[in-house]
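Colleague: Please read through the structure below; I'll follow up with questions.
The values are calculated or read from the model by the stated rules, or taken from the named source; none is laboratory data. Treat the numbers as computed from the prediction; the structure is a model and nothing was measured. When we count neighbours, we look across all protein chains shown, and the Cβ atoms used for this are built from the backbone with ideal geometry, even at glycine. Accessible surface areas use protein heavy atoms only, side chains included; no ligands, DNA or RNA. Shrake-Rupley method; radii C 1.70, N 1.55, O 1.52, S 1.80 Å.
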Amino acid sequence: MTRHFSSIREAGRETAHQLVQRAKAMKDTKFRSQLLDGKTVVLIFEKASTRTRLSFEVAVRQLGGSTIFMTPAESQLGRSEPLADTARVISRYNDG
């Protein structure tokens, strides 16, 4: 069964420990996958962040996907179009 959480605290101590151990093992073995093969993920960050952008782009590529990076200036986010409309349009053309 798939579990979702928005904070590591929601996962519980044991699950959080397992997640960290799995992440460490994946990093140590230079884990690669084709889970996102043929998929495109759009990345939009409100503020410039080298580490955040780089970590997301690397993660998607290590899973076999490709990324499109957009800034708020390159979209209608927060301007003439409601956020929900922008999200709906982006989701029609991309996988994530």
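Colleague: For a quick protection proxy, order the peptides 11-18, 56-63 by their average other-Cβ count within 10 Å, most packed first.
Modeller: Packing order, densest peptide first, comes out as 56-63, 11-18.
Colleague: How many Å³ per residue does the convex hull of the Cα positions in the chain occupy?
Modeller: It comes to 144 Å³ per residue, whole-number rounded.
Colleague: Using 16 Å as the cut-off for backbone N distance, which residues of the range 53-82 belong to the label zone defined by a point 7 Å from the Cα of Phe45 along Cα→Cβ?
Modeller: 53-61, 67-74
Colleague: Another one. Heavy atoms only, probe 1.4 Å: what % of the accessible area of the range 14-96 goes to carbon and sulfur, would you let me know?
Modeller: Heavy-atom surface of the range 14-96 belonging to carbon and sulfur, 1.4 Å probe: 56 percent.
Colleague: Just the accessible area per residue of the chain, please: how many Å² with a 1.4 Å probe?
Modeller: Value for the chain: 82 Å² per residue.
Colleague: Let me ask something additional. Given H placed 1.01 Å from N in the peptide plane, which residues other than close sequence neighbours of Ile68 have an amide H under 5 Å from its amide H?
Modeller: Correct list: Val41, Val42, Leu43.
Colleague: For the range 87-96, what does the Karplus curve 6.51 cos²θ - 1.76 cosθ + 1.60, with θ = phi - 60°, yield as ³J(HN,Hα) per residue in whole Hz, taken in order and with x for Gly and Pro?
Modeller: 4, 5, 5, 4, 5, 6, 9, 9, 8, x
Colleague: With a point put 7 Å past each Cα toward its Cβ, work out how far Val58 is from Ile90 in nm, to one decimal.
Modeller: About 2.3 nm separates the two model spin labels.
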